[in-house]
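Below is one structure, written out as structure tokens, with a few remarks after it.
The values are calculated or read from the model by the stated rules, or taken from the named source; none is laboratory data. Bear in mind that the values here come from a model prediction, so they are computed numbers and not experimental data. Don't worry about glycine lacking a Cβ; one is built from the backbone with ideal geometry, like all the others, and counts go over all protein chains shown. These area figures cover heavy atoms from the full protein model, side chains too; ligands, DNA and RNA do not enter into them. Shrake-Rupley method; radii C 1.70, N 1.55, O 1.52, S 1.80 Å.
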Amino acid sequence: MILFFSVFAPGFPAHGRSGRVARVLAAVLLAGSMALPASAEPARYEIDTEHMSLGFLVSHIGYHKVLGMFRAGKGSYSYDEKSGDLTDIRIEVETASVYTNLRKRDEHLKGPDFLNSGEFPRMVFTALRGTRTGEKTFAVDGQLELLGRVLPLSLQATMNKLADYELGGFFSKPYVMGVSARGSFKRSAYGMSYGLDNNWVGDEIDLLIEFQARRR
């Protein structure tokens, strides 16, 4: 940038139409460089829904754990790369998007015994901030809204990578953060008690969250 401006600055012996164009271009580039912030500031990141996996594990009669997922969700948060502050976290999940590779079970999960998607179409996780626990790890203490109840939920998150996206456009590549997060909660705390008495369905729900998020 500085070299370009020094070559085409006013006063340099460039004449005619090409000289005027060069001087205008140099002025625009100089103005753009002056407008850049002197230091990093908190940036908003939006989860890329094409690179987002929201999974869960729950015991099935004690034999094994069913691996399910939610196929529709979105989220965003703020991150200050300079200070490492992680704030204003929100993840929304469409409960009717539940999928366990068995249609009959999926329809049961959407019904009143479990997620009751007709009355409660979304479950929402929010947190004011995340606390750094390592160079790339955070403890995110927030709350989960599910079935009309709001209860504490803690996630352990790892920032896997933060860089210009290798598969981005030729001229402009998005700045992307990759995150893995884990957590767990008891479904009975939200009034979801089906299958507990006979141990057909476990109470503990293990969460597996993987996503990429793009800086706005």
Ignoring ligands, DNA and RNA, what accessible area per residue does the range 31-181 give at 1.4 Å, in Å²?
-> 59
Among LYS136/LYS173; LYS65/LYS110; LYS110/LYS136; LYS74/LYS186; LYS74/LYS161; LYS74/LYS110, which pairs are too far apart, with a Cα-Cα distance over 28 Å?
-> LYS110/LYS136
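For GLU204 and LYS173, what is the calculated FRET efficiency with R₀ set at 30 Å and r taken between the beta-carbons, to the nearest 0.05?
Result of the calculation: an efficiency of 0.15.
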Taking Cα pairs closer than 8 Å and at least 6 residues apart, the relative contact order of the range 133-179 in percent is 30
Taking the range 83-172, the whole-percent share of alpha-carbon pairs separated by over 16 angstrom is 66
Order by accessible surface, 1.4 Å probe, largest leading, for residues LEU67, LEU196 comes to LEU67, LEU196
With no solvent and one point per C-alpha, what does the Debye sum give as log10 I(q)/I(0) for the range 67-123 at q = 0.13 Å⁻¹?
-> -0.44
Eigenvalues of the alpha-carbon gyration tensor of the range 37-110, times 5 and square-rooted, give semi-axes in Å, largest first, of 36, 13, 8
Any chance you could look up the accessible area of SER184 with a 1.4 Å probe, heavy atoms only, rounded to 10 Å²?
-> 50
With r as the distance between the Cβ atoms of SER154 and LEU67 and R0 = 25 Å, compute the FRET efficiency 1/(1 + (r/R0)^6) and round to 0.05.
-> 0.70
Excluding ligands, DNA and RNA, the carbon-plus-sulfur percentage of the accessible area of the range 50-129 with a 1.4 Å probe reads 52
